[in-house]
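The structure appears right after this line, and notes come after that.
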Amino acid sequence: MSASAPVPIQLSLRVRHPSMDPEHISAALELEPEHCFRAGDSRNARAAGRPSGQHTQSYWLAPVSAESWADAIEPEFLATIAERQLGRTLGASAEDLQAATRNLRSRSVESILLHFLQRLSSRQAFLQRIHSEGGDVTLLMLLERESVADFTLPVSIARLLANLGVGVEFKFDS
């Protein structure tokens, strides 16, 4: 796959919580959901004559893409990305580091995951709060089967997921 080819992956982040306001989740994660509701909100009736009821938990789902992330501005974060991409040290210029970050975003499934999880690490306290209050956070990955037949979840990414308390659901699209 060339460096400029689009990566055949769709990522979404899902948060379920007993009562948290979805607007609070959006603000804390700096992502806009494509679908959300709050515990206690009325449900839509799915079939005629069925009672609608209320949602028993809050639900928040946001697509995650490299385009939805602001360019990194933290020098330490940029240096980490540059080291993984270019083997550079902290002496690289901010422009070089930001270019390395942009290039990393378009490389591979593993690179996109690593980049997103590094960004999510700065919100670890918020993720821990969700868990301590009975909620869960899951990364949903929709992958094109033909394009990523040999996908492996590297130990470094598995470790980040575990440290953040983020589950993963893989779905392969044919």
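The H on the amide N of Ser19, modeled in the peptide plane, is under 5 Å from the matching H of Ser58, each at least 5 residues off or on a different chain. Per-peptide packing, taken as the mean over residues of other Cβ atoms within 10 Å, places 109-118, 151-160, 21-30 in the sequence 109-118, 21-30, 151-160 from highest down.
Backbone amide hydrogens, once placed in the peptide plane, bring Val64 within less than 5 Å of Leu11, Ser12, Leu13, excluding anything fewer than 5 places away on its chain.
All of the numbers you see were taken from the coordinates with simple rules; none came from a lab. Model, not experiment: these values are computed from the prediction. Every residue, glycine as well, gets a Cβ built from its backbone with ideal geometry; the counts of neighbours run over all protein chains shown.
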